[in-house]
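Input: a single structure, listed below in structure tokens.
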Amino acid sequence: MSKHTSGDAYRNNRVGPILRAGEVAQAAIQAVEDDNPGKKIHVEDRTAYIRIECEDECILTRASMEEALGRPFQMREIEINLGSFSGQIDTSEERVRFYLAKHI
């Protein structure tokens, strides 16, 4: 994981969730790492919220969240904790996908 400051040009094609700090956000960091093998995951901890981003596409699955939390998980918990996100979003009961329709 890399930590960077906001405003840098390298962020132009990054997408992902911005989650309220807590159990779900911490689990999402691990889940995003598991669901996006081979991708560099960028995590920015701003105390009140955590920004998790990948280049071009970021997948977050229910199965990985359950594994990270050690309990059953419903994807609507992401929505409850989602303060914002970068990119576009596509949701289902099994996964959330953050992606870019256009590259900068």
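So how far, in whole Å, is the C-alpha centre of segment 10-29 from the one of segment 51-99? Taking the Cα centre of segment 51-99 as reference, the centre of segment 10-29 is 9 Å away. Amide H to amide H distances under 5 Å link Asp56 with Arg14, Val15, where only residues 5 or more positions off or on other chains count and H is placed in the peptide plane. Amide H contacts for Arg95 (H built 1.01 Å from N in the peptide plane; partners 5 or more residues away or on another chain; cut-off under 5 Å): Arg62.
Between the beta carbons of Tyr99 and Gln26, assuming R0 = 25 Å, the FRET efficiency works out to 0.60 to the nearest 0.05.
In sequence order, segment 85-101 has phi-based couplings of 7, 10, x, 9, 10, 9, 10, 8, 6, 9, 6, 10, 10, 9, 8, 10, 7 Hz under the Karplus curve 6.51 cos²θ - 1.76 cosθ + 1.60, θ = phi - 60°, and Gly or Pro positions carry x.
Between amide H atoms placed 1.01 Å from N, distances below 5 Å from Ser86 occur with Gly16, Ile18, all of them 5 or more places distant or on a separate chain. One chain, two ends: Glu77 and Ser92. Fully extended at 0.36 nm per residue, the span grows by 4.2 nm beyond their Cα-Cα distance.
Readers should treat all values here as calculations from the given coordinates under stated rules, not as data from a laboratory. No experiment lies behind these values; they were computed from the predicted model shown. Methodologically, a virtual Cβ is constructed for each residue, glycine included, from the backbone with ideal geometry; neighbour enumeration extends over all protein chains shown.
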